[in-house]
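Remarks on the structure that follows.
The values are calculated or read from the model by the stated rules, or taken from the named source; none is laboratory data. Since the model is a prediction, treat every value here as computed from it, not as a measurement. Please note: Cβ atoms are built from the backbone with ideal geometry, for glycine as well, and neighbour counts cover all protein chains shown.
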């Protein structure tokens with residue numbers, strides 16, 4: 001999935017800002033650190049989950065080992081309290097995205113080989129843009 005496809009999918013969902021944010025690889029794509037992603041991961045508020053669970057048939061059997069509900073082959077969501085969702089993101093290109101510092105902390109803690117390039121890219125981006133915003 002490329003950036004245009006990602007943005008189109010998010011637009012189709014039409015989730016309200018403040019009730020969701022884009023996680024990990026999707027964020028890195030918006031920041032120019034990835035050209036493609038395999039799927040979209042979102043964190044959504046418990047309130048939004050209640051509104052969409054019937055529409056997308058989000059039942060406990062659709063939860064993976066990481067706590068994500070699979071909506072379809074390209075989209076998974078994890079649920080968090082609205083208050084936490086509302087403070088855990090920043091806006092990039094009009095899209096609520098997970099803060100790069102949070103992604104970096106997660107990847108450094110996990111420290112898998114596949115994370116090393118992302119860690120390097122995020123650190124470089126943060127260093128080059130620390131005085132912006």
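Data table
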{"read-out": "Residues being in contact with a strand residue (DSSP E or B) (Cβ under 9 Å, 6 or more places away or on another chain), part of a loop (DSSP other than H, G, I, E, B) and at positive phi - total across the stretch 2-45", "value": "1"}
{"read-out": "Subset of the stretch 80-94 that is in contact with a strand residue (DSSP E or B) (Cβ under 6 Å, 6 or more places away or on another chain) and over 23 Å from residue 117 (Cα atoms) - its residue that is surrounded by the fewest Cβ atoms within 10 Å (Cβ to Cβ)", "value": "82"}
{"read-out": "In the stretch 58-69, residue surrounded by the fewest Cβ atoms within 10 Å (Cβ to Cβ) [restricted to those that are part of a loop (DSSP other than H, G, I, E, B) and in contact with a strand residue (DSSP E or B) (Cβ under 9 Å, 6 or more places away or on another chain)]", "value": "66"}
{"read-out": "Every residue from the stretch 14-54 that is under 13 Å from residue 88 (Cβ atoms), within 9 Å of the chain's Cα centre (by Cα) and at pLDDT 95 or above", "value": "20, 21, 22, 23, 27, 42, 43"}
